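First up is the structure itself, then whatever we jot down about it.
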Ligand SMILES: Cc1ncc(COP(=O)(O)O)c(C=O)c1O
Ligand SMILES: [Zn+2]
């Protein structure tokens, strides 16, 4: 594994040390990228080898992994469209790609000796953080919207995290986490709180390592296509961490000579019409997004009204020659059922937004049938049983009676 040479601000390019935990750039609050010395020759992973994202250890931080078997997910070829591949992230621990980012971020947190992590989340990141924090023996504090999918609420409780349900969106959760940490720092300064009791904010793009975990999706998709780029990548975009991570992976692979030189894929960001801040900014030619009021969609992971890394997402889409597609929930649901009935895959609503977007760009001629396309199904539809059933107006046929109930109380903090 390479030593990190520094952390570089994605906005003002200032470098800071990785010897201690860092959040965002101290000068401009931009997101920090992990930089390595990639001039020494590192070879591609051997065929076979480690069957997790840690097969790319040569380009990841030099740290003892907290692993539950994340990554190295299947690349499934569509049964109907020979040039269309689905990157099936449902097979990750906790059922979504959030496992990659959290495995990496929690590994570094343990390395730094952090004891308490906090995260605002649309749901799946919270579930993943809860699992990895438990595996690392670290305390997790989760802030989620009250109407989060049931699976995410259950994960938080089952993994023993501290769960706070918020009447609002992920943006409200983020504000609450930041306020709590500010209060704790004041308590620490006054000598009333030990430094290890101050939470560390592990929000998307407000620490450098979730991107490092998610960048492995970029390495994987290129390796699984025979070390070649596809023509386009569809990515359901909330905070955009995966999109940013994959683009970083492409740059690193080029620096290392791992990828057959060619044109990088068009990066297609997919959003729901009910929460489309990136789409609005893209269409208006703006460098950053504006807060999207009254955000609402059943694709819970896309309900991010103002992504922290919006400037990076927009830059990447434009540089790649990609675009942003927005879809109504009804179209997303139709694509979800199309894939379950014709391909045998129950996609997450976010993944179904990506499949629907692909149909749209093939129909419009933006993509040609001969183009090789990778669509990310970022999570399992089984994490959304309640949401999908509600969207389908499907009622539970009978009330299930659990013969033995074991109440688990005392850890929920309703706000
Ligand atoms: C299943 C799923 N897909 C996509 C996203 C969006 O991910 P990102 O924040 O990396 O854009 C999320 C975020 O919660 C998610 O849970
Ligand atoms: Zn900066």
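The values are calculated or read from the model by the stated rules, or taken from the named source; none is laboratory data. Everything quoted here is computed from the prediction, not taken from an experiment. We place every Cβ from the backbone using ideal geometry, glycine too, and count neighbours over all the protein chains shown.
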When the residues of the stretch 113-141 are filtered to those that are under 19 Å from the mean Cα position of the chain (by Cα) and in a strand (DSSP E or B), which remaining residue is farthest from residue 164 (Cα to Cα)?
117
Residue under evaluation residue 282, criteria (1) under 21 Å from the mean Cα position of the chain (by Cα); (2) within 26 Å of residue 53 (Cβ to Cβ); (3) in contact (Cβ under 8 Å) with a residue 12 or more places away in the chain, criterion not met
(2)
May I ask you to list pairs of residues, at least six apart or on different chains, whose Cβ atoms are under 9 Å apart, with the first in the stretch 206-223 being closer than 22 Å to residue 21 by Cα and modelled with pLDDT of 95 or more and the second being within 16 Å of ligand 2 (Cβ to nearest atom) and in a helix (DSSP H, G or I)?
211/244; 214/244; 215/244
What are the residues in the stretch 286-305 that are crowded, with 19+ Cβ neighbours inside 10 Å and more than 9 Å from ligand 1 (Cβ to nearest atom), if any?
289, 292, 295, 297, 298, 305
Against the definition (within 17 Å of residue 308 (Cβ to Cβ), touching a residue at least 60 places away in the same chain (Cβ under 8 Å), in contact with a strand residue (DSSP E or B) (Cβ under 6 Å, 6 or more places away or on another chain) and within 16 Å of ligand 1 (Cβ to nearest atom)), how does residue 10 come out, yes or no?
yes
Looking at (1) touching a strand residue (DSSP E or B) at 6+ places or on another chain (Cβ under 8 Å); (2) closer than 23 Å to residue 32 by Cα; (3) not in a helix (DSSP H, G or I), which is the only condition residue 292 fails?
(2)
For the stretch 183-191, indicate whether the set of residues that are at pLDDT 95 or above and either closer than 21 Å to residue 408 by Cβ or part of a loop (DSSP other than H, G, I, E, B) (or both) is non-empty.
yes
Of the residues 212, 228, which single one is crowded, with 24+ Cβ neighbours inside 10 Å and closer than 22 Å to residue 51 by Cβ?
212
Would you mind finding the one in 84, 68, 38, 60 that is within 30 Å of residue 341 (Cβ to Cβ) and either more than 16 Å from ligand 2 (Cβ to nearest atom) or free of Cβ contacts under 8 Å to residues at least 40 places away in the same chain (or both)?
84
Please work out which residue is surrounded by the most Cβ atoms within 10 Å (Cβ to Cβ), limiting yourself to the stretch 167-193 and to residues that are in contact with a strand residue (DSSP E or B) (Cβ under 7 Å, 6 or more places away or on another chain) and under 14 Å from residue 148 (Cβ atoms).
170
Filter result (more than 16 Å from ligand 1 (Cβ to nearest atom), assigned to a loop (DSSP other than H, G, I, E, B) and either surrounded by 12 or more Cβ atoms within 10 Å (Cβ to Cβ) or under 19 Å from the mean Cα position of the chain (by Cα) (or both)) within the stretch 27-48
27, 28, 29, 30, 38, 42, 44, 45
Condition (residue is assigned to a helix (DSSP H, G or I) and surrounded by 19 or more Cβ atoms within 10 Å (Cβ to Cβ)) applied to the stretch 71-86: is it met by at least one residue?
no
